[in-house]
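**Q** Below you'll find the structure I mean.
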Amino acid sequence: QVQLVESGGVLVQPGGSLRLSCAASGIIFSIHDANWFRQAPGKERELVAVSTSGFSTNYPDSVKGRFTISRDNAKNTVYLQMNSLKPEDTAVYYCNAKRTLWNNKRDYWGQGTQVTVSS
């Protein structure tokens with residue numbers, strides 16, 4: 001059984017910081033590509049951070065310079081550090097793990113954690 005469990009989402013004021021966690025069980029996270037997505041009310045799901053199994057990272061312009069994805073392989077966990085938060089960052093945040101081996105593709109999702117940025 002594979003599980004990805006997100007935690008850390010809370011109400012935070014604009015300009016504040018938050019760290020989300022994604023703890024995996026049933027897979028070795030370090031050999032999977034890791035992604036963070038978010039979905040705001042009435043909006044499509046948006047990719048906000050990528051970490052490949054080779055430890056390259058990438059971010060869209062909307063969060064670049066504010067968000068950082070990282071890994072703690074000893075804890076089998078991926079993090080999303082979010083700084084200088086804006087009201088438009090309000091969304092449900094999801095972690096995702098992907099692996100392709102000999103054209104055998106695997107794709108795992110967490111249940112999401114709510115982040116609300118508001119005064």
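**Q** In whole angstrom, how long is each semi-axis of the equivalent ellipsoid of the range 4-104, when you take the square root of 5 times every eigenvalue of its Cα gyration tensor and sort them from largest down?
**A** 24, 14, 13
**Q** Run through the range 1-109 and list the GluC sites (Glu not before Pro) located in a DSSP loop whose Cβ has at most 13 other Cβ atoms within 10 Å.
**A** GLU44
**Q** Placing +1 at every Lys and Arg Cβ and -1 at every Asp and Glu Cβ, with all other atoms neutral, what dipole size does the range 55-119 have around its Cα centre, in debye to the nearest 20?
**A** Charge dipole, the range 55-119, about its Cα centre: 300 debye, nearest 20.
**Q** Heavy-atom accessible area per residue, the range 16-119, 1.4 Å probe: how many Å²?
**A** That works out to 54 Å² for each residue.
**Q** Which of the chymotrypsin sites (Phe, Trp or Tyr not before Pro) found in the range 7-89 are loop residues per DSSP with 12 or fewer other Cβ atoms within 10 Å of their Cβ?
**A** Listed in order of number, the matching sites are PHE55.
**Q** Leaving ligands, DNA and RNA out of it, report the carbon-plus-sulfur percent of the accessible area of the chain at a 1.4 Å probe.
**A** Of the solvent-accessible surface of the chain, carbon and sulfur hold 47 percent.
**Q** Over the chain, what is the percentage of antiparallel beta bridges among all DSSP beta bridges, to the nearest 5?
**A** 95
The values are calculated or read from the model by the stated rules, or taken from the named source; none is laboratory data. Computed from a prediction, not measured in an experiment: that's the story for all the values here. For neighbour counting, all protein chains shown are included, and Cβ atoms are generated from backbone atoms with ideal geometry for every residue, glycine included. To get the accessible areas, we keep the full protein, side chains included, count just its heavy atoms, and leave off ligands, DNA and RNA. Shrake-Rupley method; radii C 1.70, N 1.55, O 1.52, S 1.80 Å.
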